[in-house]
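These notes concern the structure reproduced below.
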Amino acid sequence: MDKIECTPSAVVFRARWWPAEAACPACGTWSSRVHSSYVRQVRDLPLGGRPVLIHLAMRRFLCKNAACTKVTYAGQADGLTARYQRWSVPLARLLSQIALQLAGRAGMQLAARMRDQHAEVQALAARGMGLRAIARELGVDRKTARRFVHAATADEAVARAISRPTALDRYQPHLHRRWNQGCQDAAMLHAEITALGYQGSLRTVYRYLQPLRTGTAPAASATTPSLKIGEVTSWLFRRAEDLNPRQQQLPADLRGHCAQLDRLAEHVTSFAKMMTKRTGDQQLAGWLERVEADDQPELHTFAAGIRQDMAAVTAGLTLPYSSGATEGNVNRLKAIKRQMYGRASLDLLRKRVIHHPP
């Protein structure tokens, strides 16, 4: 433990967990070769009615197994952290138990189904099946399959489903500040945060403020207003000259605080330049090698798909030809067909297509 900070909205613990070695989550090989370190933020059980946020410095290790798909991986603090999880293991377990108690019989049935589904997904993943194959086998969406694969336990899967962020989260500090200043009119507060960008309903704001009226105030968010994933993604996909000063500064700050995000942005930018300048024949092979050597699981999947049809992708990133004209005519044909659906024959469709050229 390095430091404990008590803020008006949360208790913040700053600590380090630096084991001498850790096991690779993909192949199970133990390694003591340290690659780098990073700071992870984990929410924990409340303390004295206030949220607890743990800033935990952790190590990343290099996998010694040359055949393993993982190049680097993060060690986990047993009993505290889990892979792809932003809350502690005890908090995830508590959230799951609360969900079962509050939701009653319907909630218990839903949680039971989620646990069964989690077990099925984990069993198929252990057999080496990919996300697309798992989703097809179980008849679920690919995102659902990914969520269950990343959840190490069934409790994590349930906790992820009930503790998702809401549209009101980033405006909670403003609501608490204005409430403490004496403004307790829900309609007025709703108007204020709507001017700041909130798009939710007045009823949502009223429900959030109700505990304040009864004396059981909810704690304000422990962090500053969060950025949306879609916002950051759109900034990374756009040219810097197309962004305003704020949109340029925030991604730069994020990249400065997260080395993995910085490398991801570099990969995305270099691929975009290669696509717009049509230099695939010169740069695609090197780009794939850099991505595969980096710890970017999502880009590894993208790179594997490219290698399956390397010649076609290289041609698409190099040659000036495009299938846009063909796709446009296909869409035009579909639009004409839908206008006539159930009311005309193939002969009339043929005449409309011939006599109405693009």
Which numbered condition Ser31 misses (of (1) surrounded by fewer than 18 Cβ atoms within 10 Å (Cβ to Cβ); (2) free of Cβ contacts under 8 Å to residues at least 40 places away in the same chain):
(1)
Just to verify a result, which residue in the range 238-272, among those that are surrounded by fewer than 13 Cβ atoms within 10 Å (Cβ to Cβ) and basic (Lys, Arg), is modelled with the highest pLDDT?
Arg239
Looking only at the range 1-45, count how many residues are among the aliphatic types (A, V, I, L, M) and over 27 Å from Val149 (Cα atoms).
7
Within the range 9-28, restricting to residues that are in contact (Cβ under 8 Å) with a residue 40 or more places away in the chain and exposed (fewer than 13 other Cβ atoms within 10 Å of the Cβ), the one that is nearest to the chain's Cα centre (by Cα) is Trp18
Can you tell me which residue within the range 193-225, out of those that are in a loop (DSSP other than H, G, I, E, B) and of a type in the set (A, V, I, L, M, F, W, C), is modelled with the highest pLDDT?
Leu196
Filtered residues of the range 313-358 (kept if among the polar types (S, T, N, Q) and assigned to a loop (DSSP other than H, G, I, E, B))
Thr318, Ser322, Ser323, Ser345
Would you call Met340 surrounded by 15 or more Cβ atoms within 10 Å (Cβ to Cβ), farther than 30 Å from Ala26 by Cα and of a type in the set (A, V, I, L, M, F, W, C)?
no
Count of residues meeting criterion [surrounded by 17 or more Cβ atoms within 10 Å (Cβ to Cβ) and touching a Phe, Trp or Tyr at 6+ places or on another chain (Cβ under 9 Å)] in the range 41-61
11
What do you reckon, is Thr301 hydroxyl-bearing (Ser, Thr, Tyr), part of a helix (DSSP H, G or I) and out of contact with any Asp or Glu (no Cβ under 8 Å at 6 or more places or on another chain)?
yes
Do we have Leu317 as of a type in the set (A, V, I, L, M) and under 26 Å from the mean Cα position of the chain (by Cα) here?
no
How do the pairs read when you match residues in the range 312-324 that are touching a residue at least 12 places away in the same chain (Cβ under 8 Å) and within 15 Å of Lys277 (Cβ to Cβ) with residues anywhere that are crowded, with 16+ Cβ neighbours inside 10 Å and of a type outside the set (Gly, Ala, Ser), using Cβ under 7 Å and keeping only pairs 6 or more apart or on different chains?
Thr314/Leu284; Leu317/Met274; Leu317/Leu284
List every residue pair whose Cβ atoms sit under 9 Å apart, with the two residues 6 or more apart in sequence or on different chains, where the first one lies in the range 114-133 and is crowded, with 17+ Cβ neighbours inside 10 Å and outside any helix (DSSP H, G or I) and the second, anywhere, is modelled with pLDDT under 90 and not basic (Lys, Arg).
Met129/Glu137
If we keep only residues of the range 226-237 that are among the aliphatic types (A, V, I, L, M) and modelled with pLDDT under 75, then the residue surrounded by the most Cβ atoms within 10 Å (Cβ to Cβ) is Leu227
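The values are calculated or read from the model by the stated rules, or taken from the named source; none is laboratory data. Treat the numbers as computed from the prediction; the structure is a model and nothing was measured. In this analysis, Cβ positions are derived from the backbone assuming ideal geometry, glycine residues included, and neighbour counts consider all displayed protein chains.
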